[in-house]
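Remarks on the structure that follows.
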Amino acid sequence: MIVGTAGHIDHGKTTLVRALTGVDTDRLPEEKKRGISIELGYAFLDVEDTPAGIRGIRGSSERIGFIDVPGHERLVHTMLAGATGIHFALLLVAADDGVMPQTREHLAVLSLLGLSQGAVVVTKADRVDAARLAAVCAEAEALREDSSLAGCPVLAVSAATGQGVADLKGLLRRAAAVRRGHDESGGAADDGRAFRLAVDRAFTLDGVGTVATGTVHAGRVRLGDELRLVPGERRVRVRSLRAQNREVPAGGSSGAGERCAIGLAGVAKEDVRRGQWLVAPAAALRALHDAGQVAQGGTTRLDARLTLWHQEMKPLRSGTVVHVHLGSEDRLGTVAVLDAGDSVAPGASALAQLVLREPLGAWAGDRVVLRDASATRTLAGGVVLDPMAPTRYRRTPERLAELAALERPEAGERAAALLVASPLGLDLGRFAAAQGLAEVPGAGAWPGGTLIDGDWALAAAHAEAARAALLQALAGYHAKHADELGPDAARLRRLALPRLAEPLYRALLGGLVQAGRVALRGAFVHLPEHGVRLSASEERIAQKVGPRLAVAGFEGAWARDLARDSGESEPLMRTTLARLAQRGELHQVVKDLYYPLETMATLAAIARAVGAKGDGVVTAASFRDATQLGRKRAIQVLEHFDRIGLTRRVGDVHRVRTDSTLFIAPADGGPPRA
């Protein structure tokens, strides 16, 4: 369990921690000289002397960690960095001063962070008489009732005389035992999330090197693990490990809820700073980063449920510039209210998007606190729902339904609700990265009937609606263009399902083809009962050009050359070849350049073979070398494969689609689908 102090400057936070643990958390010369805390301080309390009737706490959790925060009004940002990740709050009120401005602001911060476990400690009890002590205790009791600590214990303590210190230790031990029991009963069971630590301090140590410390928010870490510093690109390795200020032996680990010091190989102290996260480079996170969907491992847009502190005097409006505190970092950003007009009233909550000026590491479920642009006042707090928020369609009913699903309390319920709320498909890789999952959820994690294709999922009801839309669009196209075989796959998608994820569209179309409800001929899609007849002159020309196309080889044949060689007019030849291509009997690679199906099937087989040797990637150079074509013609053929769905353009290369059945003979032994 991690305990955090809070309260006004000079109300005895550091002195109380010293009375509880024997450790002076003020370590800087300036702190010693001025007698105030400037930086975060750390201490630990052993609980081997567990009182009778309280179950012992095993492992590294036998120690309670303390984070001592500064109380000066100009150091609230430091207090926020320390308050992240604590489980139990001690709000201190000095008996001689009573409740002061930073008492109230620190209590607001604790409430906005959602901390409900804690106690109010009235310190310096030896400095006042009984009447004054009773009055301040009553004031503290009244103050807590308007916060997340409502109903928490209020204790009078004197670090100088020892009054109440034993009672406070007992309270902390009992709270730690309750938390441990909650963890062991499954309350903090492995939820599939990757390791993640909020860095709040970095230093160098002789014989170890660079050390980063912080609170573990999720997952577990072991010696030798590879981690990533986020935001940023730096990869590091765990060289040494201490949890709750104890060395972790070989084979051991540190997990969520512990203070952890990690010796890092592969990075200098200057490259590690407060505000960064150390995270496991999970498969889902790597995939998104490599695809460019996560900027430097962080985000600049996150959707959250925000609550404006009830003691604020005016609403929080869209466009307001704020400091966004998350973990041990803060970023300047702008608020955009999503579902409550353009403002949030004091005490009210709303969905909002936070647009940040610099990337910030965030996961769904993270707590955020907003302070005003001048960093003098705490305004609001909330919970991150989606750390990869969209720039467009952010206020549509569909998007608000997705956010409502993300507010579900249970992880499994949240995932199922989000699937239902995603008629355009759910990106499983993005979902896993946003939730901080170590791996992308497999098919078994979703309801029966869910369409899964790669890292995309579509609820059964949405899949059926999408199939109906495809069939309806095809029927409409045939009615308007009776002389054409049908649209190509890309055009059909634009007509029927323009916003559906392409992998899901390909899977739906492939399923309809396999079921015989849709037919593919060349690049064109049509209903099985629909066809296009050639005129007598077109039939005559088709008979003439067939042999010429067959011997044209990988270079293909131009319409003008076919017209000259067959003695037909060039305009009629162009019309006939276009009609043959529309019927799926030829492939038009570029304007007026045609290939027969057999040649295209051979070229497709070569492309697949090249891709098999290159991890699915086909470059213009590798395809040129394999076909002995010129570079220009090789590029034209590959771009045609992109259009018809055999390959997909990714930057300067072409990636073979593993879901494409083009030019592959069906299981019934029929001709390959062209």
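Side notes on the structure shown:
- Calculated over the chain: convex hull of Cα atoms, volume per residue (Å³): 189 Å³
- Percentage, to the nearest whole number, of Cα pairs in the range 462-526 over 19 Å apart: 19 percent
- Zone of K480's modelled label, taken as backbone nitrogen in the range 494-516 under 19 Å from a point 7 Å along Cα→Cβ: 494-500
- Only helical runs count toward this figure. For the chain, summing -39,500 (n - 2.57) over DSSP H runs of n ≥ 4 and dividing by all residues gives -10000 deg cm²/dmol at 222 nm.
- Scattering from the range 536-656 was approximated by placing one identical point on each alpha carbon and applying the Debye formula without solvent; log10 I(q)/I(0) at 0.21 1/Å stands at -1.09.
- As a proxy for reagent exposure, V610, V122, V76, V321 were ordered by neighbouring Cβ count within 10 angstrom, fewest first; the result is V321, V610, V76, V122.
- Straight Cα distances below 30 angstrom link K544 to the lysines K591, K632, with same-chain residues fewer than 8 positions distant left out.
- Given +1 at the Cβ of Lys and Arg, -1 at the Cβ of Asp and Glu and no other charges, the dipole of the chain around its Cα centre is 1440 debye to the nearest 20.
- Working ranking of peptides 628-638, 348-358 by packing, defined as the average number of other Cβ atoms within 10 Å per residue, highest first, is 348-358, 628-638.
- Of the peptides 482-491, 269-278, the order by per-residue mean of other Cβ atoms within 10 Å, starting with the highest, comes out as 269-278, 482-491.
- Average Cα contact separation per residue, the range 536-656, under 8 Å, 6 or more apart, as relative contact order %: 20 percent
- Applying 0.36 nm per residue to the separation of D565 and K314 and subtracting their alpha-carbon distance, the gain on full extension is 82.1 nm.
- Acute angle (nearest 10 degrees) that the helix 570-582 long axis makes with the longest principal axis of the chain, alpha-carbon atoms: 50 degrees
- Measuring between their Cα centroids, the range 82-103 and the range 301-375 lie 23 Å from each other.
- Considering only alpha-carbon pairs that sit under 8 angstrom and 6 or more positions apart, the relative contact order computed for the chain is 8 percent.
- Hypothetical label at K269: residues of the range 230-249 whose amide nitrogen lies under 15 Å (7 Å Cα-Cβ projection): none
- Ordering of 448-458, 87-97, 160-170, 197-207 by packing is 87-97, 448-458, 197-207, 160-170, highest average first (other Cβ atoms within 10 Å, averaged per residue).
- Rough spin-label spacing in nm, given labels placed 7 Å along Cα→Cβ, for R499 and E398: 0.3 nm
- Column: log10 I(q)/I(0), Debye, Cα scatterers of the range 196-281, q = 0.25 Å⁻¹: -1.36
Readers should treat all values here as calculations from the given coordinates under stated rules, not as data from a laboratory. Keep in mind that what you see is a predicted model, and the values were worked out from it rather than measured. For neighbour counting, all protein chains shown are included, and Cβ atoms are generated from backbone atoms with ideal geometry for every residue, glycine included.
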